[in-house]
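The values are calculated or read from the model by the stated rules, or taken from the named source; none is laboratory data. Just so it is clear, the model here is predicted, and its values are computed rather than measured. Neighbour counts run over all protein chains shown; Cβ positions are idealised from the backbone, glycine included. With ligands, DNA and RNA removed, areas are computed over all heavy atoms of the protein, side chains included. Shrake-Rupley method; radii C 1.70, N 1.55, O 1.52, S 1.80 Å.
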Amino acid sequence: MPPDPPPPTRPPELLPDDTIDFGAGLARLLGGTARPTVPYDISCWTPAGTRAGPFRLEPIDPAGPERDLVLLHRWMNDPSVAAFWKLAGPVEVTARHVRAQLEAGHSVPCFGVLDGMRMSYWEVYRADRDPLAGYYRARPYDTGVHLLLGGGDRGRGLGSLLIRAVSDLVFDNCAPCGRVLAEPDVHNVPSVAAFLNAGFLFQEELALPDKRAALMVRERALRDSGAGPAPPPGTPANPPEHPRPDLP
């Protein structure tokens with residue numbers, strides 16, 4: 001008798017974290033997302049020297065190993081992070097978010113690598129090409145940043161240190177950019193404070209679709225002049241204070 005035919009093959013399913021197949025790469029989880037055209041060639045940026053060690057941004061590669069996404073998925077499911085990023089859930093939730101960043105064409109999702117260790121997640125994006133531009137007076141080449149720190153690196157004063165380092169990297173590698181900005185939730189008081197301590201100035205409160213945000217801006221001109229941030233006439237010196245859960 002002829003041998004039994006081989007069983008039919010089927011596409012691999014999404015595996016849970018503890019059994020995830022590292023061999024297939026991120027492309028399986030990201031739905032075959034191609035390497036995107038990005039607004040900044042961050043992979044070529046020289047690492048920043050900080051008092052905590054050398055720090056660099058490492059763009060997420062769609063062809064990278066799946067464990068890259070598992071690390072980010074673990075951070076997104078930290079309750080302190082999930083309260084503001086709202087991306088808790090299975091790894092596909094994280095994959096969908098990263099896929100959207102890669103496909104947008106104006107945002108670069110990255111790991112933050114401090115002294116050789118991945119310890120944070122960043123999105124560096126053209127704010128003037130983002131939906132955010134519809135909520136404030138955008139200028140050409142405005143650059144926005146989103147970030148989160150892994151749980152073991154909170155409460156050490158690293159937030160302000162790395163925010164300043166990343167904004168310096170943007171200024172040093174993107175000559176047309178005159179402003180780096182962020183829009184943390186107004187309830188995230190430690191995050192707002194970290195931006196203030198990194199040389200950003202509170203500009204205004206924005207009513208975004210998913211949150212009320214504090215628009216924080218760091219000006220290249222003030223950075224290069226060595227002057228501290230000075231609020232323009234009519235700008236409140238301090239952001240509004242709202243009670244919220246702790247998020248270092």
Protein chains only, probe 1.4 Å: how do 50, 94 rank by accessible area, largest first?
50, 94
Against the empirical 2.2 N^0.38 Å scaling, what ratio does the C-alpha Rg of segment 95-163 come to?
1.25
If each K or R counts +1 and each D or E counts -1, the residues other than residue 45 whose Cβ falls under 13 Å of its Cβ total -3
Keeping all protein chains in position, work out how much accessible area residue 205 exposes to a 1.4 Å probe, and write it in Å² to the nearest 10.
60 Å²
Most packed first (mean Cβ within 10 Å per residue), the peptides 172-178, 198-204 order as 198-204, 172-178
Could you report the accessible area of residue 71 in Å², rounded to 10, computed with a 1.4 Å probe on the protein chains as they sit in the structure?
40 Å²
State the Kirkwood hydrodynamic radius of segment 90-235 in Å, one decimal place, computed from all pairs of distinct Cα atoms.
15.9 Å
Taking the Cα centre as origin and putting +1 on Lys and Arg beta-carbons and -1 on Asp and Glu beta-carbons, what dipole magnitude results for segment 77-190, to the nearest 20 debye?
120 debye
Value of Rg to Rh for segment 161-207 (Rh from inverse mean 1/r over Cα pairs, i.e. Kirkwood)
0.99
First compute the accessible area of segment 140-209 with a 1.4 Å probe, then give the percent of it belonging to carbon and sulfur atoms.
51 percent
Protein-only accessible surface order, largest first, of 45, 122 at 1.4 Å
45, 122
